[in-house]
Amino acid sequence: MKKIIIIVSLLITVAQAYACDICGCGAGSNYLGILPEFSRNIIGLRYRYNGLQTHISGGTVTYLTTDEVYRSAEIWGGFNISHKFRLMAVLPYHFIEKKNQGQSIPKNGLGDISVTGFYQLLNKRQTISGNRILVQSLWVGGGLKLPTGKYNPQDKSPGADNANLFQLGTGSVDFTANAMYDLRLQDAGISTTLQYKTNTMNSNDYRYGNKWNASAQLYYKFRLGHGISLAPNIGMQYENAMKDKDGKYEAEASGGYLLTAATGVELVLNRLAIGSNWNTPLNQNLANGFVKAKNRLMVHFAVTF
């Protein structure tokens, strides 16, 4: 099996989609997750967990404060069109829930499907001093997110301190631009990603704010046998979102930034790839302080063919 390159996108979604990122599931940016080297087709399953606290008043938890949990199960795949072009798709199903004063409100359903195309601008392999191998790879692309997840305008609570997060989808067609650069010397490397997501107005006159995210991830690949490797990684992710628009007016409880530390591990067993990623907030200011992000978890299983 070809080498697995660890490329972690910022879940500015991420993400992901995020995807479940700083703005819940439906309103999240498209989270690319962990991608293999672009030499084989791949299909896999992902599970993501993201926790939030909403209705925070002046940074203080009150009886109105709500705990929200966003869980997602995703089928995702990457398919080669040629040696320089690849198409990726994500089909998410969300299990979301909010709790307040002993009461729980669940919501389950299909999320927003996303499709992204990539083109390889750089693929360079050279030998430097000491016969060490230096590898560089740069991929750029663009994507489309479809409004397949249900957007319910009745779940948009009134009030300036209510963020419109508890949705399965945005109800809008959205677009992403992506870049991924990987630099590896022998078995040690660094992966960086950059994504910008442009959101459009949905049929209920609500427009989620545009988002961008960036990440940097250090990794080292331990060779354990033929076709077997273990690659721990550590890094940071930064996410930034603009304000939402509700009709002609700016939504106060929206937008902001989030900086997280990330750590994870990838295990490759011939054609199988198994991994996990954990993110914890370092600094944040979300929705003017009305929203607080908690830890995130992602685990995945994939097979190449």
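Do we have residue 295 as farther than 18 Å from residue 47 by Cβ and modelled with pLDDT of 90 or more here?
Considered against the rule, which asks whether it is farther than 18 Å from residue 47 by Cβ and modelled with pLDDT of 90 or more, residue 295 comes out as no.
For residue 197, only one of the following conditions fails: (1) of a type outside the set (A, V, I, L, M); (2) within 21 Å of residue 286 (Cβ to Cβ); (3) under 19 Å from the mean Cα position of the chain (by Cα); (4) surrounded by fewer than 19 Cβ atoms within 10 Å (Cβ to Cβ). What is its number?
So the condition that residue 197 fails would be (4).
For residue 228, which of the numbered conditions (1) β-branched (Val, Ile, Thr); (2) more than 20 Å from the chain's Cα centre (by Cα); (3) farther than 30 Å from residue 132 by Cβ fails to hold?
Answer for residue 228: the failing condition is (3).
Let me confirm something: among 254, 215, which residue is buried (at least 22 other Cβ atoms within 10 Å of the Cβ) and part of a loop (DSSP other than H, G, I, E, B)?
Exactly one of 254, 215 is buried (at least 22 other Cβ atoms within 10 Å of the Cβ) and part of a loop (DSSP other than H, G, I, E, B), namely 254.
I'm trying to understand the selection: among the residues of segment 102-129, which are over 17 Å from the mean Cα position of the chain (by Cα) and within 30 Å of residue 83 (Cβ to Cβ)?
119, 120, 121, 122, 123, 124, 125, 126, 127, 128, 129
Identify the residue in segment 130-147 that is under 22 Å from residue 90 (Cα atoms) and surrounded by 16 or more Cβ atoms within 10 Å (Cβ to Cβ) and, among all such residues, is farthest from the chain's Cα centre (by Cα).
138
Failed condition for residue 11, given (1) at pLDDT 50 or above; (2) out of contact with any helix residue (DSSP H, G or I) (no Cβ under 7 Å at 6 or more places or on another chain); (3) of a type outside the set (Phe, Trp, Tyr), with all others met?
So the condition that residue 11 fails would be (1).
Only one residue in 126, 120 is more than 21 Å from residue 52 (Cβ to Cβ), buried (at least 16 other Cβ atoms within 10 Å of the Cβ) and not hydrophobic (A, V, I, L, M, F, W, C), so which one is that?
120
Name the single residue, out of those in segment 269-291 being more than 17 Å from the chain's Cα centre (by Cα) and more than 18 Å from residue 211 (Cβ to Cβ), that is surrounded by the most Cβ atoms within 10 Å (Cβ to Cβ).
Restricting to residues being more than 17 Å from the chain's Cα centre (by Cα) and more than 18 Å from residue 211 (Cβ to Cβ), the top hit is 273.
Regarding residue 202, is this residue at pLDDT 95 or above, surrounded by 14 or more Cβ atoms within 10 Å (Cβ to Cβ) and over 17 Å from the mean Cα position of the chain (by Cα)?
Yes; evaluated as a whole, the condition is true for this residue.
(1) modelled with pLDDT under 90; (2) touching a strand residue (DSSP E or B) at 6+ places or on another chain (Cβ under 6 Å); (3) of a type outside the set (A, V, I, L, M, F, W, C); (4) more than 27 Å from residue 138 (Cβ to Cβ): which one isn't true of residue 223, the others all being true?
(4)
Would you mind stating whether residue 70 is assigned to a strand (DSSP E or B), under 30 Å from residue 252 (Cα atoms) and within 21 Å of the chain's Cα centre (by Cα)?
The answer is yes for residue 70.
Condition test on residue 48, is it of a type in the set (Lys, Arg), within 22 Å of residue 106 (Cβ to Cβ) and surrounded by 21 or more Cβ atoms within 10 Å (Cβ to Cβ)?
yes
Sort through 231, 163 and tell me the only one that's small (Gly, Ala, Ser), surrounded by 19 or more Cβ atoms within 10 Å (Cβ to Cβ), over 24 Å from residue 273 (Cα atoms) and out of contact with any Pro (no Cβ under 9 Å at 6 or more places or on another chain).
163
The values are calculated or read from the model by the stated rules, or taken from the named source; none is laboratory data. Everything numeric in this text was worked out from a predicted model, so none of it was measured. Counting neighbours? That spans all protein chains shown, and the Cβs are built from the backbone with ideal geometry, glycine included.
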